[in-house]
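I have placed the structure first, in the form of structure tokens, so that the comments after it can refer back to it.
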Amino acid sequence: MNFPVWDLGIAPGLLIAIVATLHVFVSHFAIGTGLFLVLTERKAYRDDDKDLLAFLKRHSLIFILFSVVFGAITGVGIWFVIGLINPSATSSLIHAFVFGWAIEWVFFIVEIIAGLIYYYSWERLERRTHLIIGWIYFVSAWLSLVVINGIVTFMLTPGGWLENQNFWSGFFNPTYFPSLVSRTFLSLALAGIYALLTASFQEKREFRLKITRYAGKWVIINLLLFGLSLLWYWKVFPDRIIEAAQGAIPITQSMVGWVYIFFLALILVTLTVSILLPRLNRAPVAILVMLLSLGLFGATEWVRESLRKPYGIYNYIYINGIFPDQIPEINRNGVLLWANWVSEEAKSVRSPDTTGYEIFRTECMNCHSLSGYMNVGRYIEGWDQQYLYETLGRLDVLRGRMPPFAGTDEERYHVVSYLTGFTGEPRDYDTGKEVYDDRCGNCHTIGRYRDIIPVTSDFSQSELKEEIIPMLHEMNEDMPPFTAGEEAAEKLAKYLSELSDTEGQDE
Amino acid sequence: MNSIIHYIPDLDPIPLPAPVWLLKFLLLLGFVLHLIPMNIMLGGLILTGISYYRKSDFHTGLVRRMSKMIPVVVALTITMGIAPLLFLQVLYGQYFYSSSIILAFPWLSVIILVMAAYYLVYIHSFRYKKLSHSSKTAIGWTAAILFAIVGFIYSNEMTLMLTPEKWGAKYFPDPSGLTLNLGEPTLFFRYLHFLVGALAVAAFFIACVGLSDKREKWFSSKAIKYGAGWFTRFTLVQYLVGILWLIALPADKMMLFMGKDIAGTVLLFLGIILSLGAIMMLNKASQSESPKTLVFSSGIALLATLIFMAIMRDILRNAYIAPHTAMENIPSFFQASTIIPFIVLLLVALGIIYWMMRKFLTMKAKT
């Protein structure tokens, strides 16, 4: 909130996700392909295999166009995007790790120059020298991962850095090694997937089958190792993060599901089209495999990004640029006084459309948009003003994992008035489940995180209706009062007691 | 608190991991290393574009050579651009992020424009023999224009970040990031100064291409003449543009280079003298039988001019920022455990690059 907030019209997270996934995908595949190229080149020399050499030469061309151009520019692109969307967290990262990036840049220069020379010098340099340059390429590309991995994992698990702000405590943080190992295997698997694609274009049948099998083995072995290293990665996560993946954060939970699906699909499809029936490996199939791997990548990156919510750097700074320890002060003095980027008009006029909107922009539009994905209106449709007000006071308890609302009660009221413009008509609920989803499901789940069943199963339907539902906010301050009316309470009570019954029968 | 200072974000609470002078040195070093390939790339594309309309053997030869080299020069421009962007952010993040958010859409479009232009120069290079004359002309010019637009967006960003008093009026009426800094009186001449400079440096580069071409003697001497001629013309135009830029600056900033700031004044003076020297030496080289030493000395003078101009640019930036942030008071420490590895690795990397380049430049010709 130190910085202006870009009101770009779509969910900012989506923009980050697209640029980051594409970049990380291409850059990983550039690392793995480095190793694939040198190992295969050596094999080609040993077997004196001319076809294989011609294949590698072509392989390295597309590789240059991908990694040197697309990888490099999207890498800068990530910087542009995070600087625009999360400037405060980016500034923290740059201050903490500027020389880490500088070191990565050194590796990057070597990588780019070696990659270009490797491509331009096929058959013109001595074989041994050409191989050495290939190795220089691979090692420097992998070393950039060694560096950047420290910074990426730091954001999720800053470890000892939070106490001492020491570069190396943050760099070698608790998830550093599992992440490095899993990324390395994934990059090797991707190199094989890319080879499957270029193999599929080979004219000679025998040769195509041979490369396909060779690349297939490369993919399967590395994917399995990647899977194992994910398990290790999982074990070192702190509890709060595990909880997030197991239901505390809805989006994370569904992305974890996608990771499994893409992983299994990728292994099965690759096994079929490369080892069992290699003749199937033609362009459309190879592209399908490529897309599956992109899906796997997108899902794993999305899980990692969403686990970090609501922080930009875990336990250090929220995504919206507020430091957690500033919250009490902001609550006392008001966010209008505190934020740099609210207009004079918003401070003096105090209307929903300026004051409410500008506070919402300052605190919430790093994640929410006003239309499309993450559109705030979608979540609050049909809510009454009191419920909205009460919910805004408890944002940090919700499963979406948001930072708490920071500001005075009056400021919160301005935001509520502004958001009331999006709620529309008060809602009529047809079933108890709808009431549950709208009024309880944003904090509770059935059977998992903050399970609703054990806390309601001891009560009868009428107790629930008469004593529990109207008293929630007194039982636990984290809960807003129930404001949807008698009829909805009745439906909810019925639904909850049936829920406990069915659950009871299962046991 | 007055309403101008009001919008400038607070200093990041994490201290700088190196003294300001060191970060500034690295910023300037990186900037010059980025500036050189950037000029060759942009100016080179424009000069190549013009050569398309001249059908002599020399121009055809020039286009062919440039088209092979440009993709590599683009790679260097981007790679070398990363370091200054990094140090700029750590030193001036408060200013830099704020103004880039205000200009968000054009600023982000840089990525797409660069990517498009980059692929175009690759197509131009790899399909050189297959493409028709007119499609090559079109591709070359499109790439040139895209890069020129990127430069223009950078000029917008680099000027807006220095004028925080304008931020509020630009941002609050429309926070969607769809704006440029066109109201800035210095914008036009500043940009023109970069554009003309790029043309001059690219002309110089063509003279160097001539110098290093040992196979075709006629091309070599023509290229040096061509380079010298255009380098002279563009540099003379550059003096005019430079003066206009200086005049467009607010009076107190202009005076920095006219006596108020000793370093600024001396650097401007030296820059003019050295660039005149570079012009004279290069012209002499174009008439000489053995031009090597002259071109080389001229290149040193040009390099020094570029360095001086980069430092002047920094002096100007400081003058804009000084009333709001005292750079010398920003808390910092010396993070030896990362700075030393950085320097050591950089030296090792330079050694490896040197080895690779030597192998590359002495490898056998294509069979």
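Some notes on this structure:
- Output for the stretch A:118-133, where each listed residue is modelled with pLDDT of 95 or more and either in contact with a Pro (Cβ under 9 Å, 6 or more places away or on another chain) or aliphatic (A, V, I, L, M) (or both): A:131, A:132, A:133
- Some residue of the stretch B:60-80 being surrounded by fewer than 20 Cβ atoms within 10 Å (Cβ to Cβ) and within 8 Å of chain A (Cβ to nearest Cβ): yes
- Residue ID - surrounded by the most Cβ atoms within 10 Å (Cβ to Cβ), chosen from residues in the stretch A:114-131 that are outside any helix (DSSP H, G or I) and within 9 Å of another protein chain (Cβ to nearest Cβ): A:125
- Residue match in the stretch A:189-209 (condition: β-branched (Val, Ile, Thr), in the same structural domain as residue A:34 (by TED's automatic domain parsing) and farther than 30 Å from residue B:12 by Cβ): yes
- Residues of the stretch A:323-337 that turn out to be within 18 Å of residue A:356 (Cβ to Cβ) and of a type outside the set (S, T, N, Q), as a count: 5
- Residue match in the stretch A:328-335 (condition: within 13 Å of chain B (Cβ to nearest Cβ) and not aliphatic (A, V, I, L, M)): no
- Verdict on residue A:430 being farther than 30 Å from residue B:176 by Cβ, without any contact (Cβ under 8 Å) to a residue 40 or more places away in the chain, of a type in the set (D, E, K, R) and out of contact with any Lys or Arg (no Cβ under 9 Å at 6 or more places or on another chain): no
- Of the helices (runs of 4 or more DSSP H) lying entirely inside the stretch B:84-174, those containing at least 3 residues that are in contact (Cβ under 8 Å) with a residue 24 or more places away in the chain and within 11 Å of another protein chain (Cβ to nearest Cβ) are B:104-126, B:167-171.
- For the stretch B:340-356, the criterion of being in contact with a Leu (Cβ under 8 Å, 6 or more places away or on another chain), crowded, with 18+ Cβ neighbours inside 10 Å and free of Cβ contacts under 8 Å to residues at least 40 places away in the same chain is met by no residue.
- Qualifying residue in the stretch A:299-306 (condition: in the same structural domain as residue A:198 (by TED's automatic domain parsing), of a type in the set (Lys, Arg) and farther than 30 Å from residue A:197 by Cα): no
- In the set A:140, A:88, A:144, only one residue is of a type in the set (Ser, Thr, Tyr), more than 9 Å from chain B (Cβ to nearest Cβ), out of contact with any Ser or Thr (no Cβ under 6 Å at 6 or more places or on another chain) and under 30 Å from residue B:333 (Cβ atoms); that residue is A:144.
- Some residue of the stretch B:327-338 being assigned to a helix (DSSP H, G or I), touching a residue at least 24 places away in the same chain (Cβ under 8 Å), farther than 30 Å from residue B:211 by Cβ and charged (D, E, K, R): yes
- Members of the stretch B:51-83 that are part of a helix (DSSP H, G or I) and of a type in the set (Lys, Arg): B:64, B:65, B:68
- Candidates A:123, A:104, A:111: the one that is assigned by TED's automatic domain parsing to the domain that holds residue A:31 and at positive phi is A:123.
- In the stretch A:1-55, of all residues being assigned to a loop (DSSP other than H, G, I, E, B) and hydrophobic (A, V, I, L, M, F, W, C), the one that is farthest from the other protein chains (Cβ to nearest Cβ) corresponds to A:11.
The values are calculated or read from the model by the stated rules, or taken from the named source; none is laboratory data. Here the structure is a predicted model, which is why all the values come from computation and not from measurement. Neighbour counts are summed over all protein chains in view; Cβ atoms, including those assigned to glycine, are modelled from backbone coordinates with ideal geometry.
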